[in-house]
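Below: one structure, written as structure tokens.
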Amino acid sequence: MTCGSYELEVVIAARPERVWRAITTESSAWWPLDFVTSTRTQRFVIEPVLGGRAFEDFGGGDGLVWYTVIDVDAGRELIMAGHLLPPFGGPATTALRVVLSTRGDGTLVKVRDDRLGILGGDSPVEGWRIVFDDGLRHYLESGNAT
């Protein structure tokens, strides 16, 4: 049994309330579809309520749950707990914490992924960089966001 903590920071040129809205209601618009588990994935959904899910929606009620939301401080913090399956670097339990704070005219997004279990594969930091930098930051700064 091993554990690991992995951290990433991304600065986004958008106010925290706009970043929060993108994370919690627009994830299917910016979540990279090459960062999912199945070619059947139609969208990635984050439900920002206690007991909500972060999941891949395959359509027709099919999908894969990544996390369950265990803490919400609306506009500031989201903590989710999940299970990492063997094909994706587990088996392990994981807790993902996303914290937003003002940084100048923009937002500092801090991502922390704590894992406990039989860990395999590479560090998840590059994957989270793809999601939060290439995905979220690019979406908000490119002018494509509504």
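A few notes on this one:
- Residue check, Asp34 modelled with pLDDT of 95 or more, loosely packed, with under 14 Cβ neighbours inside 10 Å and of a type in the set (D, E, K, R): no
- Residues that are part of a helix (DSSP H, G or I) and of a type in the set (A, V, I, L, M), drawn from the stretch 1-26: Val19, Ala22, Ile23
- The condition of being more than 15 Å from the chain's Cα centre (by Cα) and more than 18 Å from Glu141 (Cβ to Cβ) holds for only one of Thr107, Thr39, Thr24, Thr94, that being Thr39.
- Unique residue being modelled with pLDDT of 95 or more and within 12 Å of the chain's Cα centre (by Cα) when the list is Glu9, Glu56, Glu17: Glu56
- Applying the condition of being part of a loop (DSSP other than H, G, I, E, B) and touching a residue at least 24 places away in the same chain (Cβ under 8 Å) to the stretch 37-80 and asking which residue is surrounded by the most Cβ atoms within 10 Å (Cβ to Cβ) yields Pro48.
- In the stretch 115-127, residue surrounded by the most Cβ atoms within 10 Å (Cβ to Cβ) [restricted to those that are under 13 Å from the mean Cα position of the chain (by Cα) and either within 20 Å of Ile70 (Cα to Cα) or in contact (Cβ under 8 Å) with a residue 40 or more places away in the chain (or both)]: Pro124
The values are calculated or read from the model by the stated rules, or taken from the named source; none is laboratory data. Model, not experiment: these values are computed from the prediction. Every residue, glycine among them, receives a Cβ derived from its backbone with ideal geometry; neighbour counts consider all protein chains shown.
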